[in-house]
Amino acid sequence: MSEQKPKTIFEKIWDAHVVKRAEGYPDALFIDRHYIHEVTSPQAFDGLRKRGIKVFNVNRTTATADHNVPTKDQHLPIKEALSRHQVETLRKNCKEFGVELYDLGHPFQGIVHIIGPELGLTQPGMTMVCGDSHTSTHGAFGSVAFGIGTSEVEQVLATQCILQYKPKTMKIEINGKLGKGVVSKDIILYIISKISASGATGFFVEYTGDAIRSLSMEARMTICNMSIEMGARGGLIAPDETTFNYIKGRRFAPQGEAFDKAVAKWKQLPSDAGAAYDVVLKYDAADIEPMITYGTNPGMGMKVTDRIPTVEELKELSEQASFKKSLDYMGLEPGSPLMGKAVDYVFIGSCTNARIEDLRLVASIVKGKKKADNVEVWVIPGSKQVEEQALKEGLNKVFEDAGFELRSPGCSACLGMNEDKVPPGKYCISTSNRNFEGRQGPKSRTFLASPLSAAVAAITGKVTDVREFI
Amino acid sequence: MSKDNFTILKSTAVPLPVENIDTDQIIPARFLKATTREGFGDNLFCDWRFDGNNNPIKEFALNNAAYSGKILVAGKNFGCGSSREHAAWAIYDYGFRVVVSSFFADIFKNNALNNAVLPVVVSDKFLQSLLSSIQQKPKTEVTVDLLNQQISFDGQAEQFEINAYKKECLINGYDDIDYLLSLNKEIREFDLAH
């Protein structure tokens with residue numbers, strides 16, 4: 001009887017990957033693809049060495065160097081000793097254990113969540129993990145993808161499985177037509193501002209509705225990417241023709257007849273009619289406007305034309321102290337607007353918004369214009385392939401003429417592990433995913449926004465409503 | 001990594017009444033360059049503990065001589081953000097064995113449990129009461145009894161949830177890999193079939 005029950009796409013994928021379900025134990029979940037990088041893997045490889053075991057299946061493991069790499073002079077040895085050591089350790093570990101590494105200089109190198117999809121490694125119906133919370137990005141293809149810690153990286157390297165309790169399910173449905181100047185980054189910032197930075201903790205989210213269906217794969221990835229910013233274990237979008245067209249012909253995607261067979265299988269994935277979710281939320285796309293964050297967690301967001309709430313407007317009394325601490329850090333007054341606020345830096349990059357479509361969006365606004373004198377603008381492509389494509393399309397010329405600095409791929413100022421840091425006290429409008437205290441460098445202040453909003457801020461030198469520009 | 005066995009802990013506690021403490025605050029990204037698990041405690045809450053010249057910031061709880069102990073008590077949504085297990089390593093390395101909050105982020109919770117740090121989820125009311133007791137009387141002794149799943153102080157007590165498997169792991173110092181390695185044959189078969 002239970003087999004007849006309508007299932008969500010999440011349940012279909014999860015249940016198909018349970019190797020063992022035992023009373024009182026979490027599920028042993030098989031992982032189809034494991035992405036690794038230099039920061040969260042060294043201690044896991046050490047663990048394998050201590051136990052004297054090999055990587056369970058190297059063909060399901062892909063490595064790249066992204067978090068801790070310089071974005072200038074990538075052909076030279078890394079200057080910073082600790083960063084160099086970490087990248088060299090990844091090289092040594094991949095060689096010793098036989099894992100494919102897309103190292104600095106390799107044409108496939110880039111941010112792990114950008115290269116997986118563009119190489120066709122990320123496919124519908126898969127389970128995927130990485131020692132990085134933004135692994136949720138891959139959910140855009142209709143897969144169950146989530147971030148894990150290093151002990152879990154070791155589990156997956158050793159056994160290709162992870163022990164996990166099945167999360168609850170949440171459906172977020174967005175219908176209607178998006179307004180002018182509103183892009184997928186605004187959708188996800190809007191959702192998080194509605195449900196808070198912990199609103200989806202314990203849940204796996206499925207995004208549905210015609211506003212989601214109308215989005216490109218790049219735009220869907222931006223949404224799934226930030227699922228973790230509302231605490232969700234992951235977020236996914238059921239695959240459709242947009243998904244299949246994106247995957248077709250990519251390097252590691254099934255080819256020819258195998259592709260057609262795969263598509264037939266992928267078409268079975270979408271949630272069954274009548275499938276039940278633990279929570280369902282619905283929003284109207286027409287209510288969404290260009291968004292910006294004002295505080296120190298991604299839930300502290302608002303319409304760019306709005307004003308910051310006052311202390312009295314907070315729902316919970318217990319939130320007041322944290323709210324005040326946050327605005328104090330940001331150097332902002334409760335109740336004040338952000339429009340016209342001068343910014344010092346513009347960062348266009350990260351696994352959220354550094355795909356070719358993001359760079360095209362920025363170029364479309366910037367073409368023929370110059371950046372404001374008070375801002376420094378960094379454009380960091382998500383991968384070597386994105387960089388190559390940008391050069392091919394002449395986007396580099398547009399950025400150069402505007403006074404933007406186009407650098408080489410990496411995570412860069414999203415988390416400031418390398419040299420790319422926003423200085424103390426400075427404001428940065430950023431296309432990345434986190435506005436935490438010190439995230440972009442000690443005492444840095446971040447406004448999260450879409451690539452369009454970041455591009456107009458680069459031109460005007462201040463927080464601006466993109467709709468005045470297009 | 002199997003560590004110490006955990007059954008019952010009696011200790012004073014350190015209050016940190018801030019909500020949404022993300023893992024970038026627990027251990028900033030610039031300290032993630034190490035390739036071992038040790039030594040992260042020195043930089044736990046680094047940017048809240050030290051000013052730009054590396055001098056301790058007096059008002060911060062970890063620098064307040066009145067507070068000490070193996071239990072950290074923090075505001076809701078503790079450990080949100082990055083999946084970095086370094087946050088759990090830093091908390092362990094500093095000497096904490098329990099973090100009490102009214103809500104934890106999922107990945108942090110797993111990471112803590114995998115590193116012999118017990119996340120104890122309590123009600124908002126209990127949390128506020130515990131925080132104010134510690135602030136008024138820093139020597140307040142808190143008891144965390146894993147066997148009976150109970151946290152208590154000053155005559156107040158509350159039960160907490162933990163799943164049976166993770167409880168067993170903590171009590172006996174087991175880890176997940178031991179269990180998964182025992183499934184090797186089934187996993188091989190599954191891998192071949194997919």
*segment A:125-194 shape via C-alpha gyration tensor axes, a/c threshold 1.5*: prolate
*Sorted by packing (mean other beta-carbon atoms within 10 Å per residue), highest first, where do B:29-36, A:100-107 land?*
B:29-36, A:100-107
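Computed from the mean reciprocal separation of all distinct C-alpha pairs, what Kirkwood hydrodynamic radius does segment A:327-366 have, in Å?
Taking the inverse mean of 1/r over all distinct Cα pairs, segment A:327-366 comes out at 12.8 Å.
Report the far tail of the P(r) of the protein assembly as shown, meaning the percent of Cα-Cα pairs longer than 47 Å.
11 percent
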*What shape does segment A:1-153 take by its C-alpha gyration tensor, where a ≥ b ≥ c are the square roots of the eigenvalues and a/c under 1.5 counts as rounded, a/b above b/c as prolate, and the rest as oblate?*
prolate
*When Rg is the radius of gyration of the Cα atoms in segment A:151-308 and Rh is its Kirkwood radius, what does Rg/Rh come to?*
1.01
*Looking at segment A:406-470, what % of the alpha carbon pairs are farther apart than 16 Å?*
47 percent
*Extension gain from A:Q4 to A:A22, taking 0.36 nm per residue of separation minus the Cα-Cα distance*: 4.3 nm
*Positive end of the charge dipole of segment B:1-70 (Lys, Arg +1 and Asp, Glu -1 on Cβ, about the Cα centre): tell me which of B:I8, B:A61, B:I21 has its Cα farthest that way.*
B:I8
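Can you give the mean number of other chain Cβ atoms that lie within 10 Å of the Cβ atoms in peptide A:438-451?
Details: counts 9, 7, 2, 3, 5, 2, 0, 0, 0, 0, 0, 0, 0, 0.
Mean number of neighbouring Cβ atoms from other chains: 2.
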_Reach of B:K139 by Cα under 29 Å, taken over lysines that are not fewer than 8 positions away in the same chain_ = A:K324, A:K325, B:K3, B:K10, B:K58, B:K70, B:K76, B:K109, B:K125, B:K167
*asked:* So if the hydrodynamic radius of segment A:337-428 is defined as the Kirkwood radius over C-alpha pairs, what does Stokes-Einstein give as its diffusion coefficient at 10 °C and 1.306 mPa s, in µm² per second?
replied: 117 µm²/s
*Given R₀ = 51 Å, FRET efficiency for B:Q136-B:N172 by Cβ-Cβ distance, to 0.05?*
0.85
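With +1 on each Lys and Arg Cβ and -1 on each Asp and Glu Cβ, and nothing else charged, work out how big the dipole of the protein assembly as shown is about its Cα centre, in Debye to the nearest 20.
The dipole magnitude comes to about 540 debye.
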*Average partner chain C-beta neighbours within 10 Å, per residue of B:179-185?*
6
_Give the separation of the Cα centroids, segment A:18-83 to segment A:215-269, in Å._
23 Å
*Per residue of A:17-29, what is the mean number of Cβ atoms on other protein chains within 10 angstrom of that residue's Cβ?*
4
*Rounded if a/c is under 1.5, else prolate if a/b beats b/c, else oblate: with a ≥ b ≥ c from the C-alpha gyration tensor eigenvalues square-rooted, which is segment B:118-194?*
prolate
*Roughly what would the spin-label model give for B:S68 and A:K54, points 7 Å off Cα along C-beta, in nm?*
5.2 nm
*Between segment B:41-57 and segment B:128-149, how many Å separate their Cα centres?*
26 Å
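Can you give the Kirkwood hydrodynamic radius for segment B:54-194, in Å, rounded to one decimal and based on Cα pairs? Don't jump to the answer; show the numbers that get you there.
On the way: mean 1/r = 0.0592 Å⁻¹.
When all Cα pairs of segment B:54-194 are included, the Kirkwood radius is 16.9 Å.
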*When the Karplus curve 6.51 cos²θ - 1.76 cosθ + 1.60 is applied with θ = phi - 60°, which whole-Hz ³J(HN,Hα) does each residue of segment B:180-189 get, with x for Gly and Pro?*
5, 4, 6, 9, 3, 5, 5, 5, 4, 4
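Laboratory data are not the source of any read-out in this text; all were calculated from the coordinates shown. Keep in mind that this is a model prediction, so the values were computed, not measured. Glycine also receives a Cβ, built like all others from the backbone with ideal geometry; neighbour counts cover every protein chain displayed.
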